[in-house]
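Each remark here refers to the structure printed beneath this line.
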Amino acid sequence: MPNSTKPGPRRSDANPVSEAIGLVKTYVRQNTVDELKPALRFISFGVPGATLLSIGGVLVMLGLLRLLQGRHGDRFTRGLTWLPYAITMVVCLAGAAIAITLIRRPSIARRGGARPGSVDKEGRR
């Protein structure tokens, strides 16, 4: 008994308008959605990570201030009551300066090297 199913339309028999729409959809998907996936992954981990690091930094600075005021509070009497705040501010600024220098340092990807396990646009490792 012969196969009763008809073969699908060939490329040359397909409607050129629907083919063009399909090509445009594929092009848009490749150049927008697929390109945004790594950025969305970066944002989805980066924003909560930065928030938690910021909260941790504030708590560490507050702990340093309370340490200086509690343990060494008797040393900062009379006109030196501002000194624990100044020490905490200097430590905070030093931490910010270190963070800024690390942010500005070129990463491996910007220097031209590939990260371990990364894949380029052609799918090569």
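Readers should treat all values here as calculations from the given coordinates under stated rules, not as data from a laboratory. Predicted model, so just to flag it, every value in this text is computed and none were measured. Every residue, glycine among them, receives a Cβ derived from its backbone with ideal geometry; neighbour counts consider all protein chains shown.
Please work out the Cα convex hull volume for the stretch 16-105 and give it in Å³ per residue.
Convex hull volume per residue, Cα atoms: 107 Å³.
Give me the distance in nm between label points sitting 7 Å out from Cα along the Cα-to-Cβ direction at Met61 and Ser18, one decimal.
6.3
Between Thr26 and Ala50, what FRET efficiency follows from the Cβ-Cβ distance if R0 is 30 Å, with the result rounded to 0.05?
Efficiency for this residue pair is about 0.25.
For Ile43 and Val91, FRET efficiency with R0 = 41 Å and r from the beta-carbon atoms, rounded to 0.05?
0.85
Note down the magnitude of the dipole of the stretch 16-105 about its Cα centre, charges +1 on Lys and Arg C-beta and -1 on Asp and Glu C-beta and zero elsewhere, to the nearest 20 debye.
360
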